[in-house]
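Contents: one structure, followed by commentary.
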């Protein structure tokens, strides 16, 4: 068994988002038994309580984040499709509790095969926010399984800079998206990247923005299938 990137299932944005939830539609269906991972970015001035659901009643977990460094809301969430397989046209809904994010809201949905069916989240780093062109998570705690997926997502603001991934990471079908808000004046962008590692150890993700701006980055690692029962996620120190 190996961890394999199966493809992008949605990559979109809204420029005039409103309300305390955001629905997104899958452009491509998923395969049974695979893990579906959502990266989401927006503007928020207070930390929301985020829940994620879908139209097939699968269980979702928020794996890293939500965090709002410099009002850049960023999170990574996932589902094992434990109830039913997601199809093209199905919806995923991100609910922000009592918080209403800004108009610019961005998401990418990716599918992977070969991940564990339970206790698949291992280490996370969701504490890094700063400004500039050089983005980094800092260093996580060590992973405990030889083969793991490492995934990072970064929400950043002001203008529409490009996002260049870490040279040790692989590119998703859509590496980043810029979103110009309709009228509230707060543009946002979202970039993400992944790699598959073959040995245990600490993890770090970096990226480069084409212009200096504020950013918030989060990271999560996921265990390979057959890795056995583990205690669960460990918080990184970055």
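Structure notes:
- Among 34, 82, 71, the residue with the largest mean-square fluctuation in a Gaussian network model of the chain, with springs joining Cα atoms closer than 10 Å, is 82.
- Relative exposure of 111, 148, 8, judged by other C-beta atoms within 10 Å (fewest first): 8, 111, 148
- Overall form of the stretch 4-225: oblate. Here a/c, set by the Cα gyration tensor axes a ≥ b ≥ c, is 1.5 or more, and a/b is not larger than b/c.
- A Förster radius of 35 Å combined with the Cβ-Cβ distance from residue 225 to residue 93 puts the calculated FRET efficiency at roughly 0.80.
- Gain in span if fully extended, residue 200 to residue 8, counting 0.36 nm per residue against the direct Cα distance: 66.4 nm
- With each label modelled as a point 7 angstrom along the Cα→C-beta vector, the residue 133-residue 51 pair spans 4.4 nm.
Here, each number is a calculation from the coordinates, and none is a lab measurement. None of the values given here were measured: they were computed from a predicted structure. Reconstructed Cβ throughout: ideal geometry from the backbone, glycine too, with neighbour counts over all protein chains shown.
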